[in-house]
Amino acid sequence: MPDALHQLDATDLAARLRRRDLSAREVVQAHLDRIEQVNPAVNALVTLDPEGALAAAARADERLVRGAAVPPLHGLPIAFKDTHLTRGMRTTHGSPLFADHIPDEDDLLVERLQRAGAIRLGKTNVPEFAAGSHTFNPVFGTTRNPYDTTRSAGGSSGGAAAALAAGMQPLADGSDMGGSLRNPASFCNVVGLRPTPGRVPRHPGGNLWDTLSVPGPMGRTVADTALLLSSMAGPDPRCPISLETPGEAFRVPLDRDLRGLRIAWTPDFGGRAPADRDVLAVLEPQLGVLEELGCHVDAACPDLAGADESFRTLRAHSFDLALGGLLDSDRQALKPSIVQNIEEGRRLTVADLHTATATRSRLYLGMLDFFSRYDLLLAPVSQVTPFDAELEYPREVAGRPTHSYLDWMRSAYLVSVLGVPALSVPAGFTPGGLPVGLQFIGAPRADLAVLQAGHAYESATRHGRRRPDLPTA
């Protein structure tokens, strides 16, 4: 075979495994070898179980030999985000408080993917309690960008994105509140989907009605991302917001003729999220690709008045709900920005929450009106390119100073508060070789349409085929 196994797309690997051209043991071992070679430079995987993975691969091979039907992810290795519970394997949340925590149950997402045939390799690195879009923590240190290891891999699914880009796993799970799937996908030249809330149900969880943070899939291609989504999605009665559409609805060909599609483009969300010039210099020429595919592209943006304030209020409230108890019991063990987020939540009044939820409702109805006139909204995923990994966050964006680690993430989190699906697709590189992603934003529940458009764009450009050149141990 001309390509090393760790370079193959997940859809290709899955097909070869079903045909028995490859064994699950071969695939898992190839990825374990790749992890040994490049993870020291990137620090994407933080817990590893090679013996358990190879044993699970052997069982998968035996089932196939017996002639048993194989599930869609049969034999595909995956390391789960270190905020997702994994039974019998430590889940640290990037916090010293949970450095030795071994759950006795799996998250629903983990349970579903293993039932679909995925083989657990280990865990991917996250910021402390997934707070922030740069992956570093006091337990495991910093995850570095495979395209430039002096730069950030993004976050909070930074370990997942870096492991994908570096060939350490063919698929990755993640979650997204303010860009935690999309920013690292943009930074690492992979694909990340923030699905419609409820598309991928969550269990267990504190606030079962939360629609701000959602689990979602990542892959090196849009088709791989859709394959993973097909095993994540589908209703579950324990998640009251879960959507009824079965996951199989996304296990379909993504080819679609985009001629006549009405696309809006906003470089800065109406002035609310200005992007650095080097980001726009990569993205603006991509509009011509969509026009060549037959799309009508206009400069337009929905009215997002109040979106920033609504997101920050609801996010602060969620931090207080989820982590307030730890502030009371272990304040000294929490990083200052998390303490600040929880305290912001505690200062909120009933009037603050009422305004935030009323604003969010208005914004949602405004998006419905906007998508009656347009099929898609395109925007930058991130306002900056991958920044110095030694910084907590970039100190300025488009010439304006930042005052918190949230300030550079507006192009992602303004979308989060709207309740719509958004896909990050590789869109090219700066002259210095840093990846930039293009954000495909769709109407509520239009996840498949977003994937189809992203797939057509990806097929026309193939930016995601450029792999990092990493030193090997």
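The values are calculated or read from the model by the stated rules, or taken from the named source; none is laboratory data. Computed from a predicted structure; not experimentally measured. Here the Cβ is made from the backbone with ideal geometry for all residues, glycine too, and neighbour counts use every protein chain on show. Note: accessible area is taken over every heavy atom of the protein model, side chains too, but ligands, DNA and RNA are not part of it. Shrake-Rupley method; radii C 1.70, N 1.55, O 1.52, S 1.80 Å.
Points worth noting:
- Restriction of the trypsin sites (Lys or Arg not before Pro) in the stretch 389-460 to DSSP coil positions whose beta-carbon has at most 15 other beta-carbons within 10 angstrom yields Arg395.
- Calculated P(r) tail over 24 Å for the stretch 130-286, as whole % of Cα pairs: 42
- When +1 charges are put on Lys and Arg Cβ atoms and -1 charges on Asp and Glu Cβ atoms, the dipole computed for the stretch 215-273 relative to its Cα centre reaches about 180 debye.
- Ligands, DNA and RNA are left out, and with a 1.4 angstrom probe the accessible area of the stretch 315-360 is 53 Å² per residue.
- Calculated [θ] (222 nm, deg cm²/dmol) that DSSP helices of n ≥ 4 give over the chain, each run adding -39,500 (n - 2.57): -11500 deg cm²/dmol
- Here the chain is scanned for GluC sites (Glu not before Pro) in DSSP loops (not H, G, I, E, B) that have at most 13 other Cβ atoms within 10 Å, and the longest stretch holding none of them is 245-389.
- Normalised by 2.2 N^0.38 Å, with N the number of residues, the alpha-carbon radius of gyration of the chain equals 0.90.
- Taking the protein heavy atoms of the stretch 232-296 in the context of the full set of protein chains, the accessible area attributed to carbon and sulfur is 52 percent at 1.4 Å.
- Virtual paramagnetic centre 7 Å along Cα→Cβ of Thr357, amide N under 14 Å, in the stretch 173-213: 208-212
- Annotation for the stretch 17-116: trypsin sites (Lys or Arg not before Pro) lying in DSSP loop with at most 11 further Cβ atoms inside 10 Å of their Cβ are Arg20, Arg66.
- Compactness index (Cα Rg / 2.2 N^0.38 Å), the stretch 270-421: 1.22
- Within the stretch 27-59: backbone nitrogen closer than 11 Å to the Ala4 label point (7 Å, Cα to C-beta): 30-39
- Mean-position separation - Cα centroids, the stretch 97-153 and the stretch 356-374, in angstrom: 33
- Rolling a 1.4 Å probe over the protein heavy atoms of the stretch 358-473, with every protein chain left in place, gives an accessible area that is 49 percent carbon and sulfur.
- Using a Förster distance of 45 Å, the FRET efficiency for Ala299-Leu97 (Cβ separation, nearest 0.05): 0.40
- Accessible area per residue in Å² at 1.4 Å probe, computed on the stretch 387-461: 30
- For the pair Asp469 and Asp388, label points projected 7 Å from Cα toward Cβ lie 2.5 nm apart.
- Averaged per residue, the stretch 118-276 has 25 square angstrom of accessible surface, using a 1.4 angstrom probe with ligands and nucleic acids left out.
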